[in-house]
1. Which one is surrounded by the most Cβ atoms within 10 Å (Cβ to Cβ) among residues in segment 12-66 that are charged (D, E, K, R), assigned to a loop (DSSP other than H, G, I, E, B) and in contact with an Asp or Glu (Cβ under 8 Å, 6 or more places away or on another chain)?
2. Between a residue in segment 35-64 that is polar (S, T, N, Q) and any residue that is in a helix (DSSP H, G or I) and open to solvent by less than 60 Å² (accessible area, probe 1.4 Å), which pairs come within a Cβ distance under 7 Å, given they are 6 or more apart or on different chains?
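The values are calculated or read from the model by the stated rules, or taken from the named source; none is laboratory data. All of these numbers come straight from a predicted model, not from anything done at the bench. Counting neighbours? That spans all protein chains shown, and the Cβs are built from the backbone with ideal geometry, glycine included. Keep in mind that these areas ignore ligands, DNA and RNA; they rest on the heavy atoms of the full protein, side chains included. Shrake-Rupley method; radii C 1.70, N 1.55, O 1.52, S 1.80 Å.
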Amino acid sequence: HEELPPQRGAARRAVRVVFSPPGIDADEVIIDLVASVPVHRPVLVATSDRRLQGEVRRQGANVLTSPQLLGLLGRADRRRR
């Protein structure tokens, strides 16, 4: 998988953007990433894919649907104005 380069001066990123390699299912990359995070660290996965929701929940991740994430982002955007 390919990650975006870290931003200069950024302490700890709250959002991780990763692209799956060509020919590799992105859901499998997400499942592997969640599995690689220590259990004491919180993980939030935004997806409306029910199979993926179930897989990452079994590994201890919290899940938001895509509409829920967009709603939260919209609220955050309105607060900044």
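1. Per the stated criteria, the residue is Asp49.
2. Listed pairs, sorted by first residue: Thr47/Gln53; Thr47/Ser66; Ser48/Ser66; Gln59/Val34.
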